[in-house]
1. What is the Cα centroid distance between region 227-244 and region 1-80, reported in whole angstrom?
2. As a test of understanding, state the convex hull volume per residue of the chain from its alpha carbons, in Å³.
3. Lysine pairs in region 270-394 with alpha-carbon atoms under 25 Å apart, 8 or more places apart or on different chains: how many are there?
4. Output the 0 to 90 degree angle, nearest 10, between the alpha-carbon long axis of helix 196-216 and the longest principal axis computed from the alpha carbons of the chain.
5. Is it possible to state the helix-based mean residue ellipticity at 222 nm for the chain, with each DSSP H run of 4+ residues giving -39500 (n - 2.57), the sum divided by total residues, to the nearest 500 deg cm²/dmol? What is it?
6. Treating only the Cβ of Lys, Arg, Asp and Glu as charged (+1, +1, -1, -1), what charge dipole size does the chain show about its Cα centre? Round to the nearest 20 debye.
7. Could you point to the residue in 138, 381, 90 farthest towards the positive end of the chain's charge dipole, with +1 and -1 charges on the Cβ of Lys/Arg and Asp/Glu respectively?
8. Quick check: residue separation of residue 253 and residue 387 times 0.36 nm, minus the Cα distance between them. What number comes out in nm?
Amino acid sequence: MGATDTIAKWIVNTTYEDIPPDAIRVANESCFDVIGVILAGSAQPVGEIIKKYVADQGAAPQATVLSSGSQSSVANAALANGTMGHALDYDDFGGFGHPTVAIFPALLAIGEHSGATGRDLLEAYVIGCEVGLALQHATKYKQMDKGFHSTAVIGRLACTAACAKLMKLDHGQTVMALGMAGSMASGLIHNFGTMTKPLHAGLTCRDGVTAAQLAQRGLTAGEQIIEHPFGFATTVLGEGIYDLDEMAENLGKPYRVQDALMIKKYPCCGGNHAMLDSLFSLMRDNDFTYEDVASAEVDQSYYSVVMLYQDPDDELKGKFSAKFNVAAALVDGEIAIDTFTQEKIADPTINETMGKVRTRVMAKSEEMLTRSDDGHKIKITLKDGRVFEHITARADILGSQKNPWGFENIKAKFQENVALVLSQQGVEDAVNAWSDILQVSDVSGTVSRTLS
């Protein structure tokens, strides 16, 4: 058997009972979190655009576009909710970019249309996420070196695997769905800092739904989409950087979900989070503000996406600017949703503080010796001559599984997010309905009661 065949069999044969309880717990936290982020993102400019676009399509009312209460086709609802879920860059990350926003909006739409249970959603989510995490692990993260956004590239196959599971496709249909997804995979880092980055997530969710629906109807695709010499791995990721047969044979041995996913505390690129954790730690421990700072120096990876914009001119670019994030954190003492507004981008105090921030890009050879996963140093020099340094490893950021934020904090984040679009009673209803997704007996009824 080839890798595609083996993966399809694993998707079809794996059940909820096979999944470790810790993986279900982490999946529940991430899926609950992303519902709140979708609702908050629905109020963003890209959210307004995608809701209007979907409404104009005039599709059959099958699934809900969150916060608007309107309905569209399953694929269109997945497109809208996936896009809104990534609008703030506040959804979880780890593994293949942003796993949950690349999978769960599609499952929510399918589950609403089919009357699935919350348990069905979490089963399919973990199975799809494991396929993505295994593929990312086996291919050694090389797609980002080529300029691909892994959320949209690896995420296409992960989402399709999850959709195939929720829709109960058989083995042959699952192979066909994966084959279609391989041809759909795309998404370029050049679009980071624009509305097209969140669109990557929306298109990924739409395409996962579309591939599974077409496969169910008999549309065909290549049977070896992952391992074929002209298939996904060699063509998209590059030859000779993976062992796909080993990956396929070891799916779920062990499960990775419970270790990989990180809940975001800050609504910006995950590449900023370790740096921000270090900075806030130094500010708390040493009691200084931006007025006391003479200079701030931040080490960054040679391919870090938070180096894309040294002097951002809008709020979306600001999410990918280490300099802006450091300056805003120093001035405001926090990074929040309203950090990324045009008003803050133009703030004279933040701009003056940005002039104190220097980024030092590590050479590729230097980074290979030091291991980027070990973290990058931030160095603060105060006007009185004191110097403070701190490093936070990627695996240790607040919200990672090694340094969990805690469910009460995740719930508080959810409440703040959904309060942007729901009434106080609506916030309470949404928390009660979705904080334990396993207790959802009918996705359709629960969505209509709490999220529209």
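1. 27
2. 130
3. Lysine pairs meeting the criterion: 24.
4. The angle comes out near 10 degrees.
5. -15500 deg cm²/dmol
6. It comes to approximately 580 debye.
7. Selected residue: 138.
8. Full extension from residue 253 to residue 387 adds 43.7 nm.
Rule-based calculations on the coordinates, nothing more; no lab input. Keep in mind that this is a model prediction, so the values were computed, not measured. In this analysis, Cβ positions are derived from the backbone assuming ideal geometry, glycine residues included, and neighbour counts consider all displayed protein chains.
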